[in-house]
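The structure appears right after this line, and notes come after that.
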Amino acid sequence: MKKFHCDCGQRVFFDNTRCLNCGLALGFDAGHMDMVSLHLADDVLQSGDGRAYRYCANKAEYENCNWLVRADSQKGRCLSCGMNRVIPALTKPQNLQLWTRVEEAKRRLVYSLLRYGLIFESGNTRLNFRIMEDRRRNPDVLESFIATGHLDGTITINVAEADDAARHAIREQLQERYRTVLGHLRHESGHFYFNVLARNATLKECRALFGDERQDYDAALKRHYAQGAPTDWPERYVSAYASAHPAEDFAETFAHVLHIEDALETARASGLVSDAAETEKSWLDAWIGLAVDLNEMTRSLGEPDAYPFVFTDAVRQKLEFVSRLVNQRAGRGDA
């Protein structure tokens with residue numbers, strides 16, 4: 001995430017709705033990829049250069065969005081909120097709280113996708129979200145279980161993933177070292193963008209790295225959950241789950257590219273990584289050096305590693321391949 005500033009010069013942050021220094025209202029303009037300081041003029045919210053806005057309808061209704069809509073737009077909701085097909089029943093206070101957490105993570109995903117020119121509408125390439133409540137009354141009954149996943153451009157998220165206790169329990173059950181709502185969103189979007197990015201000339205190269213995605217998916221997942229990951233998975237995959245099927249390997253790798261690229265953008269903006277340092281080494285080497293320091297810091301605070309992953313040569317090849325596809329989409333060549 002890059003640095004944002006209010007018109008008064010105060011640093012502000014991606015989720016802010018008001019500057020604590022001067023009191024101006026703030027909102028995020030997805031078209032300009034920037035936080036905007038808002039002045040009330042003739043009952044209209046205006047930026048310093050005269051652009052007129054209103055807040056996303058979800059701010060007025062639920063106080064859970066700070067993105068802006070142009071005043072002359074026919075749309076009531078912002079780009080991110082407008083991608084929802086289903087939201088949980090908000091008559092339950094807990095659902096509103098959990099949904100708000102999912103939306104916070106989703107806005108960060110959409111910010112990343114906008115950076116790379118990956119938000120678009122054409123034919124069946126519209127990305128949508130279903131954020132749903134798990135209605136199980138008995139943990140042994142699976143009929144009402146909401147599985148987080150992707151199908152034909154629609155990402156389904158079980159809102160329980162935003163419950164820290166529930167997510168921790170699942171993480172322990174599955175022996176995962178890393179499980180976040182944002183990580184889920186990035187992973188599931190990776191399934192969608194496989195069909196967008198890894199095709200034509202790159203499909204052969206993609207299969208050489210990840211395997212043939214046409215393998216029986218259901219059989220592969222059943223085998224993975226019954227037998228677990230192969231013992232040598234750290235040599236070839238970024239995570240144990242990536243070993244389940246080539247499609248999961250690509251999605252996990254895509255998620256990690258977004259993790260790393262976004263963290264590096266934040267590090268550059270904060271002066272933790274210099275452009276000169278990245279010129280001397282690859283983006284992955286720059287990230288590895290930063291991640292080691294970050295892990296040492298979290299250990300010093302008594303917390304587990306912030307980024308508990310190790311990259312072998314095979315994993316680096318996959319990360320660099322997906323990064324190249326993403327950057328080509330953004331018009332950055334082979335960066």
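The values are calculated or read from the model by the stated rules, or taken from the named source; none is laboratory data. Small disclaimer: the values here were computed from a predicted structure and weren't measured. Quick reminder, even Gly has a Cβ in these numbers, built from the backbone with ideal geometry, and neighbours come from all protein chains shown. In case anyone asks, the SASA skips ligands and DNA or RNA and just uses the protein heavy atoms, side chains included. Shrake-Rupley method; radii C 1.70, N 1.55, O 1.52, S 1.80 Å.
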Worksheet, complete the sentence: If we keep only residues of the stretch 231-252 that are hydroxyl-bearing (Ser, Thr, Tyr) and in contact (Cβ under 8 Å) with a residue 60 or more places away in the chain, then the residue least open to solvent (accessible area, probe 1.4 Å) is Ser239
Worksheet item: Of the conditions (1) open to solvent by less than 70 Å² (accessible area, probe 1.4 Å); (2) farther than 22 Å from Thr180 by Cα; (3) of a type in the set (Val, Ile, Thr), Thr91 fails just one. Which one is it?
Response: (1)
Worksheet item: Checking Phe28 against (1) part of a strand (DSSP E or B); (2) surrounded by 17 or more Cβ atoms within 10 Å (Cβ to Cβ); (3) at pLDDT below 95; (4) not basic (Lys, Arg), which test does it fail?
Response: (3)
Item to complete: Would you check which residues across the stretch 177-195 are over 22 Å from Pro234 (Cα atoms) and either touching a His at 6+ places or on another chain (Cβ under 7 Å) or among the basic types (Lys, Arg) (or both) and list them?
Response: Phe192
Practice prompt. Test each condition in (1) outside any loop (DSSP other than H, G, I, E, B); (2) out of contact with any Gly (no Cβ under 7 Å at 6 or more places or on another chain) for Leu68 and report the one that comes out false.
Written response: (2)
Practice prompt. Please work out if Ala89 is in contact (Cβ under 8 Å) with a residue 12 or more places away in the chain, closer than 30 Å to His150 by Cα and of a type in the set (A, V, I, L, M, F, W, C).
Written response: yes
Discussion item. Considering only residues that are open to solvent by 40 Å² or more (accessible area, probe 1.4 Å) and of a type in the set (S, T, N, Q), which ones fall in the stretch 57-81?
Written reply: Gln74
Worksheet item: In the stretch 153-203, which residue that is of a type in the set (Asp, Glu) and modelled with pLDDT of 85 or more is nearest to the chain's Cα centre (by Cα)?
Response: Glu188
Worksheet, complete the sentence: When restricted to Lys59, Lys106, the only residue under 30 Å from Leu272 (Cα atoms), part of a helix (DSSP H, G or I) and touching a residue at least 24 places away in the same chain (Cβ under 8 Å) is Lys106
Practice prompt. Confirm whether Ala255 is open to solvent by less than 20 Å² (accessible area, probe 1.4 Å) and part of a helix (DSSP H, G or I).
Written response: yes
Response to the item:
Looking across the stretch 195-212 at residues that are in contact (Cβ under 8 Å) with a residue 12 or more places away in the chain, among the aliphatic types (A, V, I, L, M) and assigned to a helix (DSSP H, G or I), the single one that is surrounded by the most Cβ atoms within 10 Å (Cβ to Cβ) is Leu197
Response to the item:
Every listed condition ((1) at pLDDT below 95; (2) of a type outside the set (Val, Ile, Thr); (3) buried (at least 21 other Cβ atoms within 10 Å of the Cβ)) holds for Leu264 save (3)
Worksheet item: Listed residues Leu20, Leu45, Leu40, Leu26; which is of a type in the set (A, V, I, L, M, F, W, C) and touching a Ser or Thr at 6+ places or on another chain (Cβ under 9 Å)?
Response: Leu26
Worksheet item: Which condition breaks for Gln215 when tested against (1) modelled with pLDDT of 90 or more; (2) open to solvent by less than 70 Å² (accessible area, probe 1.4 Å)?
Response: (2)
Practice prompt. Could you please tell me which pairs satisfy a Cβ distance under 6 Å, a separation of 6+ or placement on different chains, a first residue in the stretch 1-24 that is assigned to a loop (DSSP other than H, G, I, E, B), and a second residue that is among the hydroxyl-bearing types (Ser, Thr, Tyr) and open to solvent by 50 Å² or more (accessible area, probe 1.4 Å)?
Written response: Met1/Thr266
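Listed here are the residues, each with its yes/no results for (1) touching a helix residue (DSSP H, G or I) at 6+ places or on another chain (Cβ under 9 Å); (2) farther than 17 Å from Ala60 by Cα.
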residue: His5; (1), (2): no, yes
residue: Phe14; (1), (2): yes, yes
residue: Thr17; (1), (2): yes, no
residue: Leu20; (1), (2): no, yes
residue: Gly23; (1), (2): no, yes
Item to complete: Evaluate the stretch 44-56: report whether one residue or more is of a type in the set (Phe, Trp, Tyr), open to solvent by 40 Å² or more (accessible area, probe 1.4 Å) and out of contact with any Lys or Arg (no Cβ under 6 Å at 6 or more places or on another chain).
Response: yes
Response to the item:
The number of residues in the stretch 8-25 that are among the hydrophobic types (A, V, I, L, M, F, W, C) and surrounded by 14 or more Cβ atoms within 10 Å (Cβ to Cβ) is 5
Item to complete: Could you list all residues from the stretch 304-330 that are hydrophobic (A, V, I, L, M, F, W, C), under 18 Å from Ala251 (Cβ atoms) and open to solvent by 30 Å² or more (accessible area, probe 1.4 Å)?
Response: Phe309, Phe311, Ala314
Worksheet item: For the stretch 94-120, which residues satisfy the criterion of being among the aliphatic types (A, V, I, L, M) and open to solvent by 50 Å² or more (accessible area, probe 1.4 Å)?
Response: Leu96
